[in-house]
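Worksheet: one structure, shown below.
The values are calculated or read from the model by the stated rules, or taken from the named source; none is laboratory data. Keep in mind the model is a prediction, meaning the values are calculated, not measured. Ideal geometry is used to build each Cβ from the backbone, glycine not excepted, and the neighbour counts take in all protein chains shown.
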Amino acid sequence: MSPVIFVDEGVCYYIKQGGSEALSGSLVKREGETETVLANITELWYVQNSTAYYEGCFSGLGLNGRFLYLNTPDKIIRFDTSTNTSETILTIDTSNGYIYGLKVSPSDDGCIITYLTATDPMISNAAIHSFTDNPDCPDGHNYGEWEVTIQPKEDSEGERGRTCKDCGNTETEVIPSLSTENGYVYTVEIPATTQIAGQAKWVHPEYGTFYTVIPKLPEPSATTLNEALTDLSFFDEYVKGFDLGSKIADYIEGDLNIAVYKADGTTVVTDDKLATGYIIKLFDDENNVLDTATVVIVGDTSGDGSINAMDYIALRLHLLDIPPMTGAKLKAADVDGNNSINKFDYIYLRLYLLGINPAISQN
């Protein structure tokens, strides 16, 4: 008995036994309670090397698209349900047996017909055979170019498809997500800035080229050091107010791109304690310098980040003009905070080192 193939609600196809010597069976379409005979199978399944035959119809039935496939003892028949016409697509030599059923499996090139030959319905000496059938494209599909239907992203796969120009058959395949691990070559076509979004290019040797947007860079949280380091005192190109022995990290809040350099501006010392003459720089997200200021540690006239006898000597020599101090060191020499460098600063520093004067104010 053949399978029943449902193609729609209340619509199916099946092989019905003949019920007479003239017919071994019929291909029937059933819609609701109505049966319609589409084709008759008149051939009989004979006993091998005899004029006797077996009662019944031993045809299989399969469907691919609009085509039904069934068999007689020696033929595979394709039936077009859109035109109700049939065509023999295979005839076998029956000297070694007859066809007892078939199976239809979809494939990229149409469908695969698998059929069984044997010498009797008990499947004695059975053999399995198969071939590919594509009624619309017998020589194979004539596919057009691949077209991307779903754009791949960095966090999700894409999809592409193509269509046969002759029969309209389509096939699809997955496009891997955008990652260098998946074989893409990544380049930045347009760098992102705080003003405009950028563009990245991903090139794959098989799947082609894709583009993604690089988001605009965030605006810097501060554009000047005065905005970034609000607890400090800025004057001219200088900054003071640091606790003696502190580091710049002690004054940074939030995600600020700040670095500290030695007085020559070349050696980064961000993690060192601050000293007179050190240069603080604020950068944007593209590493462009937004602002600079030179550190003043009041009393650190030697520029080593401490207040000791070396500063006392440096201040004394400055007062003797051998040599005079300039720049940040001169600002650091104003120990008493009266905006004038004189003997009182020298005395104040000496008394501080002797533990007589209180701590030197950094503000």
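For the stretch 173-180, indicate whether the set of residues that are surrounded by 15 or more Cβ atoms within 10 Å (Cβ to Cβ), of a type outside the set (S, T, Y), in contact with an Asp or Glu (Cβ under 8 Å, 6 or more places away or on another chain) and under 28 Å from F283 (Cα atoms) is non-empty.
no
What strands (runs of 3 or more DSSP E) completely inside the stretch 1-96 contain at least 2 residues that are surrounded by 15 or more Cβ atoms within 10 Å (Cβ to Cβ)?
Details: elements: 5-8, 11-20, 23-31, 34-41, 61-64, 67-71, 75-80, 85-91.
Passing ranges, in order: 11-20, 23-31, 34-41, 61-64, 67-71, 75-80, 85-91.
Return the residues of the stretch 208-229 that are among the aromatic types (F, W, Y) and either free of Cβ contacts under 8 Å to residues at least 12 places away in the same chain or in contact with an Asp or Glu (Cβ under 9 Å, 6 or more places away or on another chain) (or both); say none if nothing qualifies.
Keep residues of the stretch 208-229 that are among the aromatic types (F, W, Y), which gives 210-211.
Across the stretch 208-229, the qualifying residue is only Y211.
On the basis of being without any contact (Cβ under 8 Å) to a residue 24 or more places away in the chain, closer than 19 Å to E286 by Cβ and not assigned by TED's automatic domain parsing to the domain that holds I280, does G198 make the cut?
Details: without any contact (Cβ under 8 Å) to a residue 24 or more places away in the chain: yes; closer than 19 Å to E286 by Cβ: yes; not assigned by TED's automatic domain parsing to the domain that holds I280: yes.
Considered against the rule, which asks whether it is without any contact (Cβ under 8 Å) to a residue 24 or more places away in the chain, closer than 19 Å to E286 by Cβ and not assigned by TED's automatic domain parsing to the domain that holds I280, G198 comes out as yes.
Tell me, which residue of the stretch 277-305 that is charged (D, E, K, R) and either modelled with pLDDT under 95 or within 45 Å of the chain's Cα centre (by Cα) (or both) is nearest to L351 (Cα to Cα)? Walk me through how you get there before you give the answer.
So in the stretch 277-305, the residues charged (D, E, K, R) come out as 281, 284-286, 291, 300, 304.
If we keep only those that are either modelled with pLDDT under 95 or within 45 Å of the chain's Cα centre (by Cα) (or both) too, we end up with 281, 284-286, 291, 304.
On the way: K281: 35, D284: 44, D285: 47, E286: 48, D291: 37, D304: 20 Å.
Looking at residues that are charged (D, E, K, R) and either modelled with pLDDT under 95 or within 45 Å of the chain's Cα centre (by Cα) (or both), I get D304.
Scan L274, L349, L256, L315 and give me the residue that is of a type in the set (A, V, I, L, M, F, W, C), at pLDDT below 90 and surrounded by 17 or more Cβ atoms within 10 Å (Cβ to Cβ). Break it down stepwise before answering.
Working: L274 fails: at pLDDT below 90; L349 fails: at pLDDT below 90; L315 fails: at pLDDT below 90.
On inspection, the qualifying residue turns out to be L256.
Select from the stretch 100-137 the residues that are under 39 Å from the mean Cα position of the chain (by Cα) and part of a loop (DSSP other than H, G, I, E, B) and write down the one among them that is nearest to Y207 (Cα to Cα).
So the residue we want is D108.
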